[in-house]
Amino acid sequence: MQVLFNGEILWDTLSSSSKPGGASMNEALQLNNIGPTVAIASKIGNDDRGQKLVDFLQSSGLNTDLIQGDEYLPTCEVLVHLDQNNNATFEICEHVAWDNLTLTDLLMKKAKESGLIF
């Protein structure tokens with residue numbers, strides 16, 4: 001069975017570092033590790049940060065055929081703020097490539113072929 005995830009891939013940025021993130025991406029990676037054919041549809045900026053996310057996903061074995069590039073909007077980023085007790089609050093940056101995901105023929109085809117869509 002083929003599973004299709006539709007969601008943001010992004011950078012979780014703390015004061016000291018950035019890590020690949022996004023709920024859809026994390027779930028797709030975990031499911032991909034246990035066997036089903038998994039793909040993720042998302043959109044990144046045509047920038048270094050976007051390419052690093054694609055490289056990370058490819059090295060993790062996840063299909064990246066449905067990750068689109070945007071010429072104008074940057075790759076999504078979430079700023080993670082920790083308080084004195086290490087409780088996190090998240091600041092979601094707006095006007096990013098993920099906001100501009102395009103329904104393409106390839107995405108439609110994969111959606112029709114998928115047994116599950118998240």
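As a summary of the residue check, S15 satisfies the conditions (1) closer than 16 Å to F118 by Cβ; (2) at pLDDT below 95 except for the one numbered (1). The residues of the range 37-64 that are exposed (fewer than 12 other Cβ atoms within 10 Å of the Cβ) and in contact (Cβ under 8 Å) with a residue 24 or more places away in the chain amount to a single one, G61. Going through (1) surrounded by fewer than 18 Cβ atoms within 10 Å (Cβ to Cβ); (2) over 24 Å from T89 (Cβ atoms); (3) modelled with pLDDT of 95 or more one by one, F5 falls short only on (1).
Filter the range 93-111 down to the residues that are under 15 Å from A39 (Cβ atoms), among the aliphatic types (A, V, I, L, M) and touching a residue at least 40 places away in the same chain (Cβ under 8 Å) and list them by number. Listed by number, the residues that qualify are L101, L106, L107, A111.
For T89, the criteria (1) hydroxyl-bearing (S, T, Y); (2) in a loop (DSSP other than H, G, I, E, B); (3) exposed (fewer than 12 other Cβ atoms within 10 Å of the Cβ) hold in every case but one, which is (2).
Can you tell me which residues in the range 65-86 are loosely packed, with under 15 Cβ neighbours inside 10 Å and hydrophobic (A, V, I, L, M, F, W, C)? If the condition is that a residue be loosely packed, with under 15 Cβ neighbours inside 10 Å and hydrophobic (A, V, I, L, M, F, W, C), then L82 is the only one that fits.
How many of the residues making up the range 1-44 are small (G, A, S) and in contact with a helix residue (DSSP H, G or I) (Cβ under 9 Å, 6 or more places away or on another chain)?
Within the range 1-44, residues that are small (G, A, S) and in contact with a helix residue (DSSP H, G or I) (Cβ under 9 Å, 6 or more places away or on another chain) number 7.
Within the range 1-39, the set of residues being of a type outside the set (D, E, K, R), part of a loop (DSSP other than H, G, I, E, B) and under 9 Å from the mean Cα position of the chain (by Cα) comprises G7, I9, G22.
The values are calculated or read from the model by the stated rules, or taken from the named source; none is laboratory data. No experiment lies behind these values; they were computed from the predicted model shown. Reconstructed Cβ throughout: ideal geometry from the backbone, glycine too, with neighbour counts over all protein chains shown.
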